[in-house]
Amino acid sequence: MKKMYLLLALLGVLGWSLPSVAQKNIIGNAQKIGKLMVAQRDFPSQLKWNEAFQACAKLGDGWRLPNKEELNLLFINKAKMGGFSGPYYWTVSESSDGRAWLQFFNDGTQDDYYKISKCWVRAVHDL
């Protein structure tokens, strides 16, 4: 047991981290859609744009917010993928300093919105 704690301590010193249970729950059995891997689940709560950007990056290994075109692809495939929690999702695409694009999952439209607002988030990863 002491060896395990020592190994975990060394990994922390080297800057490595083991995936958390929350990370595994979000990524789950990621699905391939086009040239993307898409996390199985949304983040458990809505996030402001900056929080969403950072939360996706913290998943590690290249996970990120989708751009406008990628999120539209997720909308088109929402029935196949399932598990979408809300009616609107953040994209990484910014429209101005304080605004970014989001996608409405009820009708497929896109609009820009204030980054300080909270929206749902689904992470993606390039293949």
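The values are calculated or read from the model by the stated rules, or taken from the named source; none is laboratory data. Here the structure is a predicted model, which is why all the values come from computation and not from measurement. Note: ideal-geometry Cβ built from the backbone for every residue, glycine included; neighbour counts use all protein chains shown.
Please specify each residue of region 104-127 satisfying the condition of being among the polar types (S, T, N, Q) and closer than 19 Å to K48 by Cβ.
Result: Q110, S117.
Scan region 62-75 and report the pairs whose first residue is on the phi < 0 side of the Ramachandran plot and whose second residue is part of a helix (DSSP H, G or I) and β-branched (V, I, T), with Cβ atoms within less than 8 Å and a gap of 6+ or a chain change.
W63/I27
Quick check, is A57 at pLDDT 95 or above, small (G, A, S) and surrounded by 15 or more Cβ atoms within 10 Å (Cβ to Cβ)?
Spelling it out, it is not the case that A57 is at pLDDT 95 or above, small (G, A, S) and surrounded by 15 or more Cβ atoms within 10 Å (Cβ to Cβ).
With F43, F105 as the choices, which residue is within 9 Å of the chain's Cα centre (by Cα) and either loosely packed, with under 14 Cβ neighbours inside 10 Å or of a type in the set (F, W, Y) (or both)?
The match here is F43.
Can you tell me which residue in region 74-127 is modelled with the highest pLDDT, limited to those that are under 19 Å from G34 (Cα atoms), touching a Phe, Trp or Tyr at 6+ places or on another chain (Cβ under 9 Å) and among the charged types (D, E, K, R)?
By that ranking, first place goes to R122.
Quick grid of which residues meet (1) in contact with a strand residue (DSSP E or B) (Cβ under 9 Å, 6 or more places away or on another chain); (2) in contact (Cβ under 8 Å) with a residue 60 or more places away in the chain:
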position	(1), (2)
P44	no, no
A52	yes, yes
G86	yes, no
S93	yes, no
G108	no, no
